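Inspection log for the structure reproduced underneath, given as structure tokens.
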Amino acid sequence: MAIDYDGFVYVDPGAGDCEVSWQIQRQIKSSLGALREQNIGVRDRDARSNLDPATWTPTHLDVIDSEGNPARSVDRVTYHYHDVAVVDRDRIPSGPLASFNYYDQDFIDMHPGGSSRLDVVSSGLAAYWQGMGEATAHYLLSLIDGHNNSWSQLLTNMRVDLPWHTGYDPMRVVNGDHDNQFSPDGGPVSLVNR
């Protein structure tokens with residue numbers, strides 16, 4: 001089973017491939033514990049063989065302090081990570097997204113019925129205040145627009161353009177979707193005022 005995601009790291013301007021690779025490896029390794037909580041392993045645990053500098057996209061950024069003065073410069077390097085997930089056959093996730101319940105397991109445990117009839121949208125990376133209201137509005141509009149959008153479509157629609165990043169997506173995930181009973185064939189989602 002393939003596992004893919006896009007990410008980015010910040011490095012000093014003009015950092016070499018070794019430094020960028022080390023920063024990406026640190027970031028990828030930080031996800032391994034969360035994956036392990038779901039009994040998912042990856043083939044390349046050291047995140048070495050799947051890093052290709054030819055696919056990295058560096059963007060030079062000037063960091064501005066709270067007074068509007070240039071403070072320093074950094075390079076944001078975006079990357080795509082691909083690996084093979086190692087999962088027991090009886091634990092292969094189904095549906096459009098795999099649930100990483102490590103984000104909200106405590107919350108799901110408090111909900112009567114656990115994750116049944118409860119889905120929680122979480123962010124894996126920083127979700128900035130700037131754009132948060134817009135992202136939430138996109139989410140709500142996509143939920144009730146009558147198109148029966150999938151979770152994948154809803155999360156994609158939440159992307160926002162920020163001054164420093166176009167189409168920013170903080171690796172949102174849906175927790176609790178593995179036991180959904182909803183079928184789009186039953187009609188669109190509607191909101192009821194109670």
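Any read-out appearing in this document is the output of simple, stated calculations on the displayed coordinates, not a laboratory observation. What you see is a predicted model; the values in this text were computed from it and never measured. Note that we place each Cβ from the backbone using ideal geometry, even for glycine, and neighbour counts take in every protein chain shown.
Sites listed here are GluC sites (Glu not before Pro) in segment 1-75 whose DSSP assignment is loop and whose Cβ has at most 15 other Cβ atoms within 10 Å: Glu67. Taken one residue at a time, the phi angles of segment 143-158 give Karplus couplings (6.51, -1.76, 1.60, θ = phi - 60°) of 6, 10, 6, x, 8, 6, 4, 6, 4, 4, 5, 4, 5, 5, 5, 7 Hz. Gly and Pro are set to x.
The fewest-to-most ranking of Val160, Val120 by surrounding Cβ atoms within 10 Å reads Val120, Val160. Loop-located trypsin sites (Lys or Arg not before Pro) in segment 1-53 (DSSP state other than H, G, I, E, B) with a sparse environment of at most 14 neighbouring Cβ atoms within 10 Å: Arg43, Arg45, Arg48.
Cβ-to-Cβ counts within 10 Å put Ser49, Ser150 in ascending order as Ser49, Ser150, the fewest first.
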